[in-house]
1. Name the residue, out of Val143, Val75, Val32, whose mean-square fluctuation peaks in a Gaussian network model built on the chain with Cα pairs under 10 Å.
2. Taking 8 Å as the Cα distance limit and 6 or more residues as the minimum spacing, I'd like the relative contact order of the stretch 29-184 as a percentage.
3. Between rounded, prolate and oblate, where does the stretch 114-182 land on the alpha carbon gyration tensor, with a ≥ b ≥ c its root eigenvalues, rounded for a/c under 1.5, else prolate if a/b exceeds b/c?
4. Beyond 12 Å, what share of the Cα-Cα pairs of the stretch 42-97 remains, rounded to the nearest whole percent?
5. Taking only protein heavy atoms into account and a 1.4 Å probe, give the accessible area per residue of the chain in Å².
6. From the phi angles alone, apply the Karplus equation (6.51, -1.76, 1.60; θ = phi - 60°) to the stretch 152-159 and give each ³J(HN,Hα) in whole Hz, x where the residue is Gly or Pro.
7. With θ set to phi - 60° and the Karplus curve 6.51 cos²θ - 1.76 cosθ + 1.60, what are the ³J(HN,Hα) couplings of the stretch 175-184 in order, to the nearest whole Hz, using x for Gly and Pro?
8. Give me a comma-separated list of calculated 3J(HN,Hα) values for the stretch 90-100, in order, Karplus coefficients 6.51, -1.76, 1.60 applied at θ = phi - 60°, integers in Hz, x for any Gly or Pro.
Amino acid sequence: FQKAIELQPNNADAHHNLATAMKASSMLAEAVAEYDLCLANQPEFYSALAGKAEALAAMDQYEAALEACNAAIAVSPEVARAYSDRGFCFLKLGRPDDAIADMEKAGACGDTSAEQQRLLRIAFSLKADSLMEGGDFAGALEVYCKIIAMSTEKNTDTMFNAALCTMHLGKAAEALEGFKEITALNPTHFAALNATGLLALQLGRATEAV
């Protein structure tokens with residue numbers, strides 16, 4: 001690619017290809033510089049904008065990466081890649097609602113990859129955790145249930161939080177069943193075992209608590 005650029009120094013494709021190779025080789029700062037040379041010749045080169053965003057994000061420069069994502073989305077709003085990239089940046093910046101919105105847009109644009117689904121679950125988890133910490137147990141429970149429904153495998157941490165919210169909502173019997181499901185999956189889950197015993201006592205089922 002470098003030889004090609006020597007022959008045609010203003011060729012946007014050659015700069016893009018070299019930048020992509022640099023990014024793949026973890027030469028991130030060099031890749032960003034090369035993407036900028038590409039964009040100087042072709043400002044609306046979508047793959048260069050998205051690639052620059054990914055290289056910046058890999059260097060933890062999430063605000064700068066957002067700018068590149070926004071530019072890519074403005075060029076091709078129907079393409080999933082920059083939505084996924086921007087959603088990842090929002091996750092890293094602690095903005096789960098924005099991350100969820102972008103991950104869902106990426107899905108609507110055709111990105112239904114396992115990684116996209118994983119990041120979407122993480123975003124939902126951060127939102128649910130925040131709601132629970134703020135005392136909105138009904139809102140948190142709704143989000144935890146959504147995570148459980150979209151997961152292919154049972155996650156006892158998410159299940160525990162859902163059962164905990166159910167308990168805080170005063171639904172002791174329902175919460176007890178949730179905690180018991182967790183201990184069936186993981187018999188050494190201390191917090192679920194303890195909650196099971198406490199709820200059994202509360203419901204007047206002392207023998208079960210023992």
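The values are calculated or read from the model by the stated rules, or taken from the named source; none is laboratory data. Small disclaimer: the values here were computed from a predicted structure and weren't measured. Here the Cβ positions follow ideal geometry from the backbone for every residue, glycine too, while neighbour counts run over all protein chains shown. We work out accessible area using only protein heavy atoms, side chains counted, and drop any ligands, DNA or RNA first. Shrake-Rupley method; radii C 1.70, N 1.55, O 1.52, S 1.80 Å.
1. Checking each option, the largest mean-square fluctuation is seen for Val75.
2. With pairs under 8 Å counted, the relative contact order is 12 percent.
3. Values: a/c = 2.81, a/b = 1.40, b/c = 2.01.
In terms of gyration-tensor shape, oblate.
4. Distances greater than 12 Å cover 57 percent of the Cα pairs.
5. Working: 11000 Å² over 210 residues.
Heavy-atom accessible area per residue stands at 52 Å².
6. Values per residue, Gly and Pro as x: 7, 10, 6, 10, 5, 5, 5, 4 Hz.
7. Rounded to whole hertz, the list is 5, 4, 5, x, 5, 5, 5, 5, 5, 5.
8. 4, 4, 5, 8, x, 10, x, 4, 5, 4, 4
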